[in-house]
Amino acid sequence: MKRRARPVPFARMRPDSVLRDLAVLPTDEWPRHLRLARNILSAELGLDDAKAQAVLIASYSASHACAQAINQRSRDIADFTACLKLRKIFTRVAKCARRSPVRLRRALDSGICPTIHDNIVDAESVEELIHALVAAFARFPKEASSLTVLRAVKPRSSLPEGANFESRNCLRRCFAEASVLLQQDYSALRAIDQRRIESALTELRDNNSEFNAAGVCDSIASALDGDKAIRAAIHDLITTYVAALVDIWLRHGIKPARSVRFSHPNYRGKFHRFADLVLTTAVEPWSKRHDGDNRQLSARLREAHGQLPSDIRKFVRCALGRSDVEWLVSDDHVKAALALFKKSPLKLHTRSSAAQR
């Protein structure tokens, strides 16, 4: 199963403290995954303490850089999703403004245009514009275009059903909540996206002495139309990390290799296990997949699950989590990294050095 980018809690932590602990603390006080990784270097590969510590410190720096890249991709996906959501909303609102009755269009224009006509367009004025926009639709809550805007801004699951939805007081309360939600969505945008919206509205005001609500909404939607979709998979990031480890091992005189045993499908070679242990320290330090036989842990988990009350048991999972079963570094990552290094070792050395910095 392909892994997708998600927030990494420890990615924003500076690696200096961990690297300092590795240099001064005894091995028994290291994180357990790093202890296992060092055991591979010392016991299985026969490296002396100084070389094993140097390899481990360089490898942890590479794993922390990979964790930061995963976390940044997750943030980029969240930012892109927020922009896409607002672009769709304002595109829908612009269409509703054009097809609204004359009295509603006049209310929209009289409410929105003054907020940016004579003022400096900044975050406060845009939030005021959003409030005026929703308030204008709320003055005619039973119009088809107003209801469309309400459904576009407010989640369907939070809208009342049946006769309650036809109540004017209920609709006004829903429009008030929609105004707050839309302002929060705008505040959640990156600063650069907010500046693009403010620049677009300023340009609209300076180039057009007369503009309407539909034109304002179109300008906001077009300002959020610049980003391209971001891939959610992190296969390339983990492959780059493993390739950096290949370079580190070779520079210290260790040959990284991909080991496969067809008689034991679950077998992992020394380099593969080392790469997953070090990356687990930075990305999933709570994982138990390297703690021994997972069958005993699963049996204890099922036993504890069976002792729960029947009304609670159906809401509690009795299986191990994905982080306790599936490895971060797969055989495909190791294979791709080794092939990448064979093709262009000089280019890879430059990429791995930049990643460690």
Review point. Which of the residues belonging to the stretch 27-42 are open to solvent by less than 70 Å² (accessible area, probe 1.4 Å) and without any contact (Cβ under 8 Å) to a residue 60 or more places away in the chain?
Key: THR27, TRP30, ARG38, SER42
Revision key, fill the gap. Given (1) without any contact (Cβ under 8 Å) to a residue 24 or more places away in the chain; (2) β-branched (Val, Ile, Thr); (3) open to solvent by 20 Å² or more (accessible area, probe 1.4 Å), THR148 misses just (1)
Exercise for review: Could you list, in sequence order, all residues of the stretch 248-300 that are among the aliphatic types (A, V, I, L, M), open to solvent by less than 60 Å² (accessible area, probe 1.4 Å) and modelled with pLDDT under 90?
Suggested key: ALA257, LEU297, ALA299
Review point. Among the numbered criteria (1) in a helix (DSSP H, G or I); (2) open to solvent by 10 Å² or more (accessible area, probe 1.4 Å); (3) more than 28 Å from ARG4 (Cα to Cα), which single criterion is violated by ASN119?
Key: (1)
Check your understanding: Quick one: which helices (runs of 4 or more DSSP H) sit completely within the stretch 223-335 and have at least 3 residues that are within 17 Å of ALA65 (Cα to Cα) and under 31 Å from the mean Cα position of the chain (by Cα)?
Key -> 235-251, 270-283
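Filter the stretch 54-101 for residues that are of a type in the set (S, T, N, Q), open to solvent by less than 40 Å² (accessible area, probe 1.4 Å) and within 11 Å of the chain's Cα centre (by Cα); which is nearest to ALA213 (Cα to Cα)?
First, the residues of the stretch 54-101 that are of a type in the set (S, T, N, Q): 59, 61, 63, 68, 71-72, 74, 81, 91, 100.
Next cut, open to solvent by less than 40 Å² (accessible area, probe 1.4 Å) only: 59, 61, 63, 71, 74, 100.
Next, only the ones that are within 11 Å of the chain's Cα centre (by Cα) stay: 71, 74.
On the way: ASN71: 38, SER74: 34 Å.
Applying the filter and picking the extreme gives SER74.
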Revision key, fill the gap. Only one of ILE230, ILE220 is open to solvent by 20 Å² or more (accessible area, probe 1.4 Å), of a type in the set (Val, Ile, Thr), in contact with a helix residue (DSSP H, G or I) (Cβ under 6 Å, 6 or more places away or on another chain) and more than 23 Å from HIS290 (Cα to Cα), namely ILE230
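Out of all the residues in the stretch 1-25, which are without any contact (Cβ under 8 Å) to a residue 40 or more places away in the chain and of a type outside the set (S, T, N, Q)?
Looking only at the stretch 1-25, we keep the residues that are without any contact (Cβ under 8 Å) to a residue 40 or more places away in the chain, and these are 9, 13-14, 16-17, 20-25.
Answer for the stretch 1-25, where residues must be without any contact (Cβ under 8 Å) to a residue 40 or more places away in the chain and of a type outside the set (S, T, N, Q): PRO9, MET13, ARG14, ASP16, ARG20, ASP21, LEU22, ALA23, VAL24, LEU25.
Could you please find all residues in the stretch 102-116 being crowded, with 19+ Cβ neighbours inside 10 Å and either among the polar types (S, T, N, Q) or under 17 Å from SER219 (Cβ atoms) (or both)? Even if it seems obvious, please write down each step before you answer.
Initially, the stretch 102-116 is screened for residues crowded, with 19+ Cβ neighbours inside 10 Å, giving 104, 107-109, 111-113, 115-116.
Once the filter is applied, which keeps residues that are crowded, with 19+ Cβ neighbours inside 10 Å and either among the polar types (S, T, N, Q) or under 17 Å from SER219 (Cβ atoms) (or both), the stretch 102-116 yields LEU108, ASP109, GLY111, ILE112, CYS113, THR115, ILE116.
The values are calculated or read from the model by the stated rules, or taken from the named source; none is laboratory data. Please read these numbers as outputs of a predicted model, since none were measured by experiment. When we count neighbours, we look across all protein chains shown, and the Cβ atoms used for this are built from the backbone with ideal geometry, even at glycine. Note: accessible area is taken over every heavy atom of the protein model, side chains too, but ligands, DNA and RNA are not part of it. Shrake-Rupley method; radii C 1.70, N 1.55, O 1.52, S 1.80 Å.
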